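A.B. asks: Below are the structure tokens for one structure; questions will follow.
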Amino acid sequence: MLPQKPRWSRRQRVAQAADIHDLRELARKRAPRMVFDYVDGGAEGERSMARAAEAFDRVEFRPRVLRDVAEAPTAAEILGRRISMPVVLGPTGFTRMMHRAGERAVARAAERAGVPYTLSTMGTTTARDVTAAAPGGWNWFQLYVVRDRARSLDTLSLAREAGMDVLVVTVDVPVAGARLRDVRHGLTVPPSLRWRSALQALRRPAWWFDFLTSEPLRFATVDGAPGDLAGITNMMFDPSVTIKDLEWIRSAWRGPLLVKGVQRVDDAKDLAAVGVDGLVVSNHGGRQLDRSPTPLELLPEVVDAVGDRTEVFLDGGVRTGADVAAAVALGARACFVGRAYLYGLMAGGEPGVTRALDLLRAELVRTLRLLGVSGGVAGLDRDVVRLR
């Protein structure tokens, strides 16, 4: 008689996940299709999203041998502060839609891991509640500039009063991208039990039970916005924002200022010229303009152009610690990750985010050792990597 396969709990399955792909599969099985697709999908034909990930498939490492790699330190310094590895948990909207613990869980996992967490303007938890959940963490705030400038200033004031000291201004959303998976699902925020979602509720009862028995899902910053995602963006966000608007943002924010959504070298030069503290090369995870530049391909050009004047970060397509190593070798100070930790959150709440971070760290350490980089992250450079 063949031995029976052990029945693992969800927590055990999360703990046994071998990589982010495993967490993605667990998330797909737990969350309703419309919620999973909100995280997993991109704009239009999803070419930008796919190309960002595929660029890492073209990475070729050039390892050194006979190097002392008994130690493989992963710590990095960004914005004058040391973090445990070159990873930033990026801003994501509607996070409590993925799991009832939402932003609080992500912030606590980031605090334990020693990496920053960035709360989104479109978050479902207030800045004060995030910093209360993770008082020892490095908590950042992400801003979308909205039509009502007074509201933007009030939002910044609340973030600063909560103890957040780094501001990430996202600049690639003048209007909503066409996220067709959301359109086809008729996704609303919060999700509504229409006939299609009611059928999904039968298949994903655990998620729906959590959703229906937790505090009502709401936007902590943009209360009163319409329920459809594109409507929120097009009503709230200001398509007339220019680089000059960074001046009044700088006057209202005394801490480090990063600009996220850079997709051209000339824009990077203009932003460096006005003195921003960091640039995030990003195409918004492929969720805005389809056929946009691929971040990893653009990264070296931006670093060569402005890397001596401002810190350059990468966002887009990062799913493994080896991806982090490749991006840092090509000049990034650190990588923003979004989907990678959201899969963990959907799969298992806070333990799922922790597992995602543990996987990234273990993969990064293994890659550093196999590359023969004696100095750990600090020893990564272009000599050990190329894009095929």
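A.B. asks: Quick one: in the stretch 60-79, of everything that is over 15 Å from Gly114 (Cα atoms) and among the small types (Gly, Ala, Ser), which residue is surrounded by the fewest Cβ atoms within 10 Å (Cβ to Cβ)?
C.D. replies: Step by step, filter the stretch 60-79, then rank; the result is Ala70.
A.B. asks: Any residue at all in the stretch 333-349 that's touching a Cys at 6+ places or on another chain (Cβ under 9 Å) and among the small types (Gly, Ala, Ser)?
C.D. replies: No: zero hits.
A.B. asks: Kindly provide the set of residues from the stretch 93-114 that are closer than 24 Å to Ala76 by Cβ, surrounded by fewer than 24 Cβ atoms within 10 Å (Cβ to Cβ) and not small (Gly, Ala, Ser), ordered by number.
C.D. replies: Arg108, Glu111, Arg112
A.B. asks: Looking for whichever is among the basic types (Lys, Arg), within 21 Å of His284 (Cα to Cα) and either open to solvent by 20 Å² or more (accessible area, probe 1.4 Å) or modelled with pLDDT under 85 (or both) here; the options are Arg194, Arg160, Arg181. Which one fits?
C.D. replies: Arg181
A.B. asks: Quick test for you: out of Ala340, Ala356, Ala325, pick the one residue that is touching a Phe, Trp or Tyr at 6+ places or on another chain (Cβ under 6 Å) and assigned to a helix (DSSP H, G or I).
C.D. replies: Matching residue, one of Ala340, Ala356, Ala325: Ala356.
A.B. asks: Take Ala322 and tell me if it is within 20 Å of Leu23 (Cα to Cα), within 20 Å of the chain's Cα centre (by Cα) and crowded, with 22+ Cβ neighbours inside 10 Å.
C.D. replies: no
A.B. asks: Here's something else I'd like to know. List the pairs whose first member sits in the stretch 55-68 and is within 14 Å of Val318 (Cβ to Cβ), whose second member is among the small types (Gly, Ala, Ser), and whose Cβ atoms are under 7 Å apart, counting only residues at least 6 apart or on separate chains?
C.D. replies: Short answer, once both residue conditions are applied: Ala55/Gly317; Phe56/Gly317; Phe56/Ala326; Val59/Ala326.
The values are calculated or read from the model by the stated rules, or taken from the named source; none is laboratory data. Since this is a predicted model, take the numbers as computed values, not measurements. Cβ coordinates were reconstructed from backbone atoms using ideal geometry, including for glycine residues, and neighbour counts include every protein chain displayed. Keep in mind that these areas ignore ligands, DNA and RNA; they rest on the heavy atoms of the full protein, side chains included. Shrake-Rupley method; radii C 1.70, N 1.55, O 1.52, S 1.80 Å.
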